[in-house]
Amino acid sequence: MTYDDGSPRPRRPILSGGLPDMPGDPDPADRIALAHATAAAVLHAGRSDDAASGTTERLVNLADRIGLDELAELWRESGPGTLPGTLWSLYLLRSWVHRNGEEISRLFTAGHRYAEVSSAVAGLPEPPGPREVAHLGDAILTRAFDGDFAIALERAAAFCRVVATGRAHLADDAQHDEGQRQTRLARGNQRMAEELEQAAHLWRKNELH
């Protein structure tokens, strides 16, 4: 199987480093328990006081090593407002900006002047290029593991808001079908921003599990 851009999908490995392996076709309750257990283990591994040198970098690159599809299978169904669902969103965001840097830098630039507060929180230079947006994805996950988790979520949310704003404005000038597609995608970006902000709020209340 391949991804949409034609690159090969990595074969499914065993999750190592203290993470339990994923059994085949568990029942829904077991899947939920496994999702929460593995998400907590990943976050603890990065935020632990005794984390080994290089741990953060390995966790930032986790989706590259085990496959984004495997993280989706493990965490995506947990949904917003949960730790596994939130970590899934951060890894999805990182993979997206790495794969689509040129498009995303264009969208961010288009939304920058209409969402200046969110743009400032996102913290990208203006205008950003593909390298800068890829670095942002890494920086957000890095801070999630070795800094303030809520601030990392808010930075990711602000980035999504600027991109959503850029899509909405570019949709106005696009052909009908493309305009509808961009409007639909803008709603998705906006929804992710709201979910990440809610997750930051829950984290500060010690209620993101």
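The values are calculated or read from the model by the stated rules, or taken from the named source; none is laboratory data. Given the structure is predicted, the values throughout are model-derived calculations rather than measurements. For neighbour counting, all protein chains shown are included, and Cβ atoms are generated from backbone atoms with ideal geometry for every residue, glycine included. Quick note on the areas: whole protein, heavy atoms, side chains included, nothing else; ligands and nucleic acids left out. Shrake-Rupley method; radii C 1.70, N 1.55, O 1.52, S 1.80 Å.
Taking the simple approach of a point 7 Å from Cα along Cα-to-Cβ for both residue 114 and residue 58, what is their distance in nm?
Between residue 114 and residue 58, the label points sit 4.4 nm apart.
Please compute, over every Cα-Cα pair in the chain, the percentage with a separation greater than 28 angstrom.
29
Work out, step by step, the length gained on full extension between residue 37 and residue 187: first 0.36 nm times the residue separation, then minus their alpha carbon distance; give nm to one decimal.
That works out to 50.9 nm of additional length.
Whole number in Å², please: accessible area per residue of region 53-109, 1.4 Å probe, ligands, DNA and RNA not counted.
Ligands and nucleic acids excluded, the result is 40 Å² per residue.
Helix 101-112 against the longest principal axis of the chain: what's the angle in degrees, Cα atoms only, rounded to the nearest 10?
With both axes taken from Cα atoms, the answer is about 60 degrees.
Sort out the exposed loop trypsin sites (Lys or Arg not before Pro) in the chain (DSSP loop, at most 14 other Cβ within 10 Å) and tell me the longest stretch that has none.
Free of exposed loop sites, the longest segment is 12-112.
Taking the Cβ-Cβ separation of residue 65 and residue 204 as r and a Förster radius of 30 Å, what is the calculated FRET efficiency to the nearest 0.05?
0.50
Express the carbon and sulfur contribution to the solvent-accessible surface of region 24-130 as a percent, rounded to the nearest whole number, probe 1.4 angstrom.
Carbon-and-sulfur percentage of accessible area, whole number: 51.
Indicate the gyration tensor shape class of region 79-122 (rounded, prolate or oblate), computed on the Cα atoms with a ≥ b ≥ c the square roots of the eigenvalues: a/c under 1.5 is rounded; otherwise a/b larger than b/c is prolate and the rest oblate.
The shape class here is oblate.
What are the semi-axes of the equivalent ellipsoid of region 54-132, taken as the square roots of 5 times the eigenvalues of the Cα gyration tensor, listed largest first and rounded to whole Å?
Each semi-axis is the square root of five times an eigenvalue, giving 26, 15, 12 Å.
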